[in-house]
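Please treat every number below as a calculation from the coordinates, not as lab data. Note that the structure is a prediction, hence the values are computed from the model and not measured. Note: ideal-geometry Cβ built from the backbone for every residue, glycine included; neighbour counts use all protein chains shown.
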Amino acid sequence: MRVYKGIGSMTREPVARIEANGLTKHFAGIAAVDDVSFTVEPGSVTGFLGPNGAGKTTTLRMLLGLVRADRGWATIGGVEYRDLPAPLEVVGAALESTGFHPSRTGLDHLRIYTSAAALPASRAAAAIEAVGLSKARNRRVGAYSLGMRQRLALATALLGDPAVLILDEPANGLDPEGIVWLRSFLREYAATGRTVLVSSHVLTEMQQLVDRVVILHRGRVVQQATLAELAGTHGDLETAFFELTTGQEARR
């Protein structure tokens with residue numbers, strides 16, 4: 001049974017490569033992101049990994065035009081985010097599961113977004129069904145659990161039926177069943193030819209979800225490889241992560 005069936009009537013090919021080239025950003029004279037370059041290919045799930053403070057969130061915000069780079073550039077489908085004519089139909093992003101009005105229902109939250117973006121109103125119901133919140137669609141968001149808010153954030157990102165998903169810690173707050181559901185959802189989303197970039201600290205889950213990884217450490221890319229390539233040089237993702245970011249093997 002397919003997890004993702006689409007919520008729109010996409011007529012274009014849903015192909016959009018993410019490219020970052022030399023992204024650099026300083027805060028108070030300190031390089032948070034230093035000459036970061038990588039690509040995320042369509043039809044794949046890429047894990048964006050690194051310790052706290054590695055520069056992941058700043059990089060994601062530069063991809064989405066929320067932070068201006070000091071140097072370098074980033075494109076999605078060959079175009080900078082700020083120049084996309086219909087950004088929500090190209091990129092769906094969920095960088096946090098906050099910002100919801102607690103008195104609105106989940107469905108009303110999505111309806112407001114479809115109205116603001118001039119998207120078909122039917123997308124709200126389709127998106128909330130796609131993330132498994134149909135039974136809670138008329139419940140106020142203030143009564144949602146953290147995991148339900150994560151699903152609502154994903155539903156918001158899906159409203160434009162985008163070619164690209166960029167998600168920051170999407171499994172945070174999900175129970176084991178929800179994590180398995182999310183894994184299947186994202187892999188099937190990528191299987192339709194779309195591009196998925198996921199930032200996470202949960203290495204064991206990334207091992208089961210992603211096709212390739214980009215690992216940051218102290219603002220720089222220290223590895224960009226497929227899981228198969230990592231297996232050949234380090235054994236597994238967890239071992240690779242610790243060796244690349246601490247110089248030590250993971251403790252068993």
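Couplings 3J(HN,Hα) of segment 127-143, computed from phi: 5, 5, 6, 4, 9, x, 10, 4, 6, 10, 4, 9, 8, 5, 5, x, 9 Hz, in residue order, whole Hz [Karplus 6.51 cos²θ - 1.76 cosθ + 1.60, θ = phi - 60°; x for Gly and Pro]. Computed on segment 32-110, with alpha-carbon pairs under 8 angstrom and 6+ residues apart, the relative contact order is 19 percent.
Quick one: compute the contact order of the chain, relative version, from alpha carbon pairs under 8 angstrom and 6+ residues apart, as a percent.
Contact order relative to length: 28 percent.
Annotation: extensible slack from Ser103 through Thr39 equals 19.0 nm (criterion: 0.36 nm per residue apart, minus Cα-Cα distance).
Highest first, please rank the peptides 232-240, 206-214 by the mean number of other Cβ atoms sitting within 10 Å of their residues.
Details: 232-240: 16.6, 206-214: 21.2.
Per-residue Cβ counts within 10 Å, averaged per peptide and sorted highest first, yield 206-214, 232-240.
Counted over the chain with a bin width of 10 Å, the fraction of Cα pairs per bin, in whole percents, is 7, 31, 36, 21, 5, 0. Whole angstrom only: what separates the Cα centroid of segment 101-145 from the Cα centroid of segment 186-246? Computed from Cα coordinates, the inter-centre distance equals 32 Å. Based on Cα atoms of segment 117-166, Rg over Rh with Rh as the Kirkwood radius reads 0.97. Across segment 174-217, the convex hull enclosing all Cα atoms gives 76 Å³ per residue.
The length gained on full extension between Thr226 and Val180, counted as 0.36 nm times the residue separation minus their Cα-Cα distance, comes to 14.4 nm. Summarised as an ellipsoid, segment 71-122 has semi-axes of 27, 15, 7 Å, derived from the eigenvalues of the Cα gyration tensor scaled by 5 and square-rooted, with the largest first.
Return a whole-number percent for the relative contact order of segment 194-233, with Cα pairs under 8 Å and 6 or more residues apart as the contact set.
Working: 25 pairs, mean separation 11.0, N = 40.
The value is 28 percent.
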